[in-house]
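Participant: Following this message is one structure expressed as structure tokens.
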Amino acid sequence: MTILEMFTKELKSEAEITRKFLQSVPEDKMEWQPHSKSMTLKRLINHVAELPEWIEGVIQTRELDFEKEPYTPNDRSSRDELIAFFEDCLKRGLAALGASDESMLSEMWTLRAGEVIFSETEKWEMIRHTLNQITHHRAQLGVYYRLLDIPVPSSYGGSADDDSF
């Protein structure tokens, strides 16, 4: 199995879990946040939904410069909009992985804001980082759900909120 095939397999696996989390989002709690320094539920769930598309950006570019391309958070509020958005982002990430050549994985990729460089890594490392971000932010979402008394979907095994635990 190639590295790109491994990334594809992992992204598909993570997508199954992410779908369960998106299907559980409480539309009436979108502006809720657990702390003033935390994202609102709406911002967090939109970020979780957009992350698979970031893989396409890493594959197709050599950098992301927030000074030239300011980040604008997505603003979907309904469950159906979020799921459709996620499916589009997933499709784009998977298509980019499928159309790529292993040789590009060793190319350097930079995350910056003008002269301030946040990271310079090989593309494979940034793709790995993006996959980790999906897991990380989805886990944050699980905490939000717990605090809101919303059943937390299972991820890699049972959950205290389903019968398999």
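Bear in mind these aren't lab numbers, they're just calculated from the coordinates by the rules spelled out. Note that this is a predicted model, so its numbers are computed, not measured. All Cβ positions, even for glycine, are placed from backbone atoms using ideal geometry, and neighbour counts span all protein chains on display.
Participant: May I ask you to list the lysines whose Cα is less than 18 Å away from that of LYS42, ignoring any residue fewer than eight positions away on the same chain?
Facilitator: LYS20, LYS29
Participant: At 222 nm, what value in deg cm²/dmol follows for the chain if DSSP H runs of at least 4 each add -39500 (n - 2.57) and the sum is divided by all its residues, to the nearest 500?
Facilitator: -18000 deg cm²/dmol
Participant: Moving on to the next point. Compute the signed sum of charges (Lys and Arg +1, Asp and Glu -1) over the other residues within less than 9 Å, Cβ to Cβ, of LEU41.
Facilitator: Spelling it out: positives minus negatives among the neighbours equals +2.
Participant: Rounded to the nearest 10 degrees, what's the angle between the helix 41-60 long axis and the longest principal axis of the chain, both from Cα atoms, 0 to 90?
Facilitator: Compared with the principal axis, the helix lies near 20 degrees.
Participant: Can you pull out the chymotrypsin sites (Phe, Trp or Tyr not before Pro) in segment 67-124 that DSSP calls coil and that have at most 13 other Cβ atoms within 10 Å?
Facilitator: TYR71
Participant: If Lys and Arg each add +1 and Asp and Glu each add -1, what is the summed charge of the other residues whose beta carbon sits under 9 Å from the beta carbon of SER154?
Facilitator: -1
Participant: As an exercise, identify the trypsin sites (Lys or Arg not before Pro) in segment 30-62 lying in DSSP coil whose Cβ has no more than 13 other Cβ atoms within 10 Å.
Facilitator: Here the trypsin sites (Lys or Arg not before Pro) that fit, given the DSSP loop and packing criteria, are LYS37, ARG62.
Participant: Continuing with this model, one more query. If you project the alpha carbons of the chain onto their three principal axes, what span does each projection cover, largest first, in Å?
Facilitator: Each principal axis gives a Cα extent; for the chain these are 45, 38, 23 Å.
Participant: When the Karplus curve 6.51 cos²θ - 1.76 cosθ + 1.60 is applied with θ = phi - 60°, which whole-Hz ³J(HN,Hα) does each residue of segment 119-133 get, with x for Gly and Pro?
Facilitator: Those phi angles translate into 7, 10, 9, 6, 4, 4, 5, 6, 5, 4, 4, 5, 4, 5, 5 Hz.
Participant: Relative contact order for segment 44-165: what is it in percent, counting Cα pairs under 8 Å that are at least 6 residues apart?
Facilitator: 29
Participant: Within the set of other residues whose C-beta is less than 11 Å from the C-beta of ALA84, count the net charge using Lys and Arg as +1 and Asp and Glu as -1.
Facilitator: Overall, the nearby charge balance is -1.
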